[in-house]
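The values are calculated or read from the model by the stated rules, or taken from the named source; none is laboratory data. Being a predicted model, the structure only gives us computed values, none of them experimental. Neighbour counts run over all protein chains shown; Cβ positions are idealised from the backbone, glycine included.
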């Protein structure tokens, strides 16, 4: 769990560093294969909406979310299955955790922790499996969006609703932070209880960092975050309906299958 959090925090820190940096070259790998295609996509979408770059960013965001939807669905199924398994293991886990809590002997504690890991392994549970791939994939895309926005003269000079897309806007920054916090609260319900306690840190860190970046970034970036966050909220509720009964069947059959093998 801690390793996953470290990876995510590192990627977010890299984003912050990247957002503050400037690049004088337009011929690098990152620029050629990510920034330029995103600029083209934003300009193409803008033509569809008669020069409205706000709607262009919204459409581009939805397209990106749809492209990574298969990975997100796989992540959701993994989390739901893990939650069901962890819920079934609660009585045994609680007994071991209670022993660990009241044991002062370091050797005994280590033995109990090994017993806990053996319990996870027996039932096919991986407590470190958070399904972070979709989140990690978004990081280079997010950085590409930032530089595409900075490199696009059209976006920098166009307005959407009440704000200029190329300038920072405090209202949009707050909206993006709030939406991402709500999105996290919705997705948190699908995680095992043990993961929820550890992931509450991320629930505060992500919106705060988004808020921090958005205060100084062009308003087009929090617009991207806001639309993406709303999409994920709707997506989570939709997947809840879609996979509502599936995990229970897997949890019931999984231990038997493991014992037979």
Has the range 5-24 got any residue that is closer than 29 Å to residue 242 by Cα and either modelled with pLDDT of 80 or more or under 23 Å from the mean Cα position of the chain (by Cα) (or both)?
-> yes
Listed residues 77, 81, 99, 90; which is modelled with pLDDT under 85, closer than 30 Å to residue 237 by Cα and in contact with a helix residue (DSSP H, G or I) (Cβ under 6 Å, 6 or more places away or on another chain)?
-> 81
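Yes/no per residue for (1) part of a helix (DSSP H, G or I); (2) farther than 24 Å from residue 81 by Cα; (3) at pLDDT 85 or above; (4) under 17 Å from the mean Cα position of the chain (by Cα):
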position	(1), (2), (3), (4)
187	yes, no, no, yes
190	no, no, no, yes
198	yes, no, no, yes
202	yes, no, no, yes
210	yes, yes, yes, yes
228	yes, yes, yes, yes
Could you say whether any residue in the range 170-185 is farther than 30 Å from residue 33 by Cβ and either in a loop (DSSP other than H, G, I, E, B) or at pLDDT below 85 (or both)?
-> yes
Look through the range 25-51, keep the residues that are closer than 24 Å to residue 163 by Cβ and not in a helix (DSSP H, G or I), and return whichever of them is nearest to the chain's Cα centre (by Cα).
-> 49
Breaking point among (1) farther than 21 Å from residue 149 by Cα; (2) surrounded by 15 or more Cβ atoms within 10 Å (Cβ to Cβ); (3) modelled with pLDDT of 75 or more, for residue 34 | (1)
Counting only residues in the range 133-169 that are in contact with a helix residue (DSSP H, G or I) (Cβ under 6 Å, 6 or more places away or on another chain) and in a loop (DSSP other than H, G, I, E, B), the one modelled with the lowest pLDDT is identified as 152
